[in-house]
1. Find the eigenvalues of the gyration tensor of the Cα atoms of the range 45-89, then list the square roots of 5 times those eigenvalues as equivalent ellipsoid semi-axes, largest first, in whole angstrom.
2. Work through the residues other than residue 10 whose Cβ is under 14 Å from its Cβ and net out their charges, Lys, Arg +1 and Asp, Glu -1.
3. Please compute the contact order of the chain in relative form: average sequence separation of alpha-carbon pairs under 8 Å and at least six residues apart, divided by the residue count, as a percent.
4. Over the chain, how many pairs of lysines fall under 21 Å by alpha carbon, counting only those 8 or more apart in sequence or from different chains?
5. Relative to the longest principal axis of the chain, what angle (0 to 90°, nearest 10) does the C-alpha long axis of helix 3-32 take?
6. On the accessible surface of the chain, probed at 1.4 Å, how many percent belong to carbon and sulfur atoms?
7. Compute the acute angle (0 to 90°) between the alpha-carbon long axis of helix 48-81 and the principal axis of greatest extent of the alpha-carbon atoms of the chain; round to the nearest 10°.
8. Ranked from the most accessible area to the least, with a 1.4 Å probe and all protein chains present, what is the order of 34, 3, 39?
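The values are calculated or read from the model by the stated rules, or taken from the named source; none is laboratory data. What you see is a predicted model, and the numbers here were worked out from it, not measured in a lab. Note: ideal-geometry Cβ built from the backbone for every residue, glycine included; neighbour counts use all protein chains shown. When the accessible area is computed, the model is the full protein with side chains, heavy atoms only, and any ligands, DNA or RNA have been set aside. Shrake-Rupley method; radii C 1.70, N 1.55, O 1.52, S 1.80 Å.
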Amino acid sequence: MSDKLWSLATTGTAIGGGIMARKVIEKGWALVTDGTVPDNPENPEVNWGEAIAFALISGAVVQLAKVMINHKSTQAYAKRKGHLPGSAAT
């Protein structure tokens, strides 16, 4: 697998993982709260405290999922090829 193909596959997987993490967060939020996700701050019924908490939690979890996916895929690439991909080598 070339470095460019690896980079493309990792990016696609990280985006998919981020989307899945977001869906899990939304479902979890709905279970813990009254069932509504405060994702539209323009809505006057959205509580700012809840909106900020949701943004912080969802942002952190989505980024964590992306970092974990990128890290694991880099490890797999290095194990298979014997070296880090060009984009990961510093």
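1. Working: eigenvalues 272, 12, 5 Å².
Whole-Å semi-axes of the equivalent ellipsoid: 37, 8, 5.
2. Details: positive: 4, 66, 72, 80, 81; negative: 3.
Surrounding charge for residue 10 is +4.
3. 37 percent
4. Numbers: 4/66; 4/72; 4/79; 4/81; 23/66; 27/66; 66/79; 72/81.
Eligible lysine pairs with Cα atoms under 21 Å apart amount to 8.
5. 20 degrees
6. Working: 4190 of 6450 Å².
Carbon and sulfur: 65 percent of the exposed surface of the chain.
7. Roughly 10 degrees between the two axes.
8. Details: 34 120, 3 60, 39 90 Å².
The ordering from most to least exposed comes out as 34, 39, 3.
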